[in-house]
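**Student:** Can you read through this structure? Questions will come right after.
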Amino acid sequence: MPDKKFLILVVGPTAVGKTDLCIKLAKKFNTEIISCDSRQFYREMNLGTAKPSSQELAEVKHHLVNSLSIQDDYDVKRFEQEALGILDKLFSKKNVVIMTGGSGLFADAVTEGLDDMPDLAPEVRELVIKEYQEKGLEWLQQEVEKGDPEYFAQVDRQNPQRLMRALEILRGTEKKFSSFRVKRKVERPFTTLKIGLDRDREELYSRIDQRMDQMIAQGLFEEAESLFEYRVFNALQTVGYTEIFGYLEGNYDRDEAIRLLKRNSRRYAKRQLTWFRRDEQIQWFHPEQTEEIIQWVATQIG
């Protein structure tokens, strides 16, 4: 009888401490890490995505970090296929693999499978993009909130690509995007152990603010400026860059950009927790409960 295979999925909000814990787990179980953080795939985006440092990447083999260019066309379906291919190879020589990130949709794609979405006429998407470019993010947010409040409560509201997709579905099918997300769970050839990390809200928000100050000191504004000409690309429609692009466009001053960076990062963390809290299979820990987490995993895998 073949050995059972286990995927340890570690999720949680931005700045909670996922990277540090996963490196400890990978060393303990002699394995490798797959990133399911949709912002860390892109080589050009470093400071704003809080990637593992070069030292951390050297400590343990990471997959799908720096694997793409912001100019590449990439979606969650392609991620699902790539991640499953990597898991297949890793499980041929290891019984335990770790996957981590803050992108709930990408984590779910690997562990639960993706729902089948309807095919839409290209002109539906083209019209939504045109309207967004003319009317802006706030209009887009209002349209999705009005048409599909259930999805709006979970989506990253600063991510126009996700919002436009929901609006396309609404317009093209006259049904809610959330109605297609029925979660027909697929069978995977491995068992997933889900670990959620959280901290006291004040402690988490303080860490987010401190991390943002550190990113700025390390050159976040300069990095965003170097990417300014590419700001319309999907990959850059995210917290940590859009706020600085607004400053570079002259919409507000640097102090306001920093305020927005911190506020939107805190809001992003809140939405991440909302997404993960709905999954009853997740076992929650404080990130510093390393021994308890290792003990829990060891018990589960026997």
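The values are calculated or read from the model by the stated rules, or taken from the named source; none is laboratory data. Treat the numbers as computed from the prediction; the structure is a model and nothing was measured. In this analysis, Cβ positions are derived from the backbone assuming ideal geometry, glycine residues included, and neighbour counts consider all displayed protein chains.
**Student:** So which residues in the range 140-162 are among the hydrophobic types (A, V, I, L, M, F, W, C) and modelled with pLDDT under 85?
**Tutor:** Val155
**Student:** Please determine, by comparing only the residues of the range 182-241 that are of a type outside the set (Asp, Glu) and touching a His at 6+ places or on another chain (Cβ under 8 Å), which one is surrounded by the fewest Cβ atoms within 10 Å (Cβ to Cβ).
**Tutor:** Arg199
**Student:** Within the set of pairs 6+ apart or on separate chains, which have a first residue in the range 119-139 that is at pLDDT 85 or above, a second that is charged (D, E, K, R), and C-beta atoms under 7 Å apart?
**Tutor:** Every condition considered, the pairs that remain are Val124/Glu168; Val124/Arg171; Val128/Glu168; Val128/Arg171.
**Student:** Something else now. For the range 232-264, which positions are under 20 Å from Lys51 (Cβ atoms) and assigned to a loop (DSSP other than H, G, I, E, B)?
**Tutor:** Matches in the range 232-264: Phe233, Gln237, Thr238, Val239, Gly240, Tyr241.
**Student:** Count, please, the residues in the range 38-48 that happen to be surrounded by 22 or more Cβ atoms within 10 Å (Cβ to Cβ) and either in contact with a strand residue (DSSP E or B) (Cβ under 8 Å, 6 or more places away or on another chain) or without any contact (Cβ under 8 Å) to a residue 12 or more places away in the chain (or both).
**Tutor:** 4
**Student:** I would also like to ask the following. Any residue in the range 264-278 that is small (Gly, Ala, Ser) and exposed (fewer than 15 other Cβ atoms within 10 Å of the Cβ)?
**Tutor:** Here is the first cut: in the range 264-278, the residues small (Gly, Ala, Ser) are 265, 269.
From what's left, exposed (fewer than 15 other Cβ atoms within 10 Å of the Cβ): none.
No, that holds for no residue.
**Student:** In this structure, does Gln81 turn out to be part of a helix (DSSP H, G or I), over 25 Å from Asp198 (Cα atoms), assigned by TED's automatic domain parsing to the domain that holds Gln218 and of a type in the set (S, T, N, Q)? Give the steps one after another, and end with the answer.
**Tutor:** Numbers: part of a helix (DSSP H, G or I): yes; over 25 Å from Asp198 (Cα atoms): yes; assigned by TED's automatic domain parsing to the domain that holds Gln218: yes; of a type in the set (S, T, N, Q): yes.
Yes.
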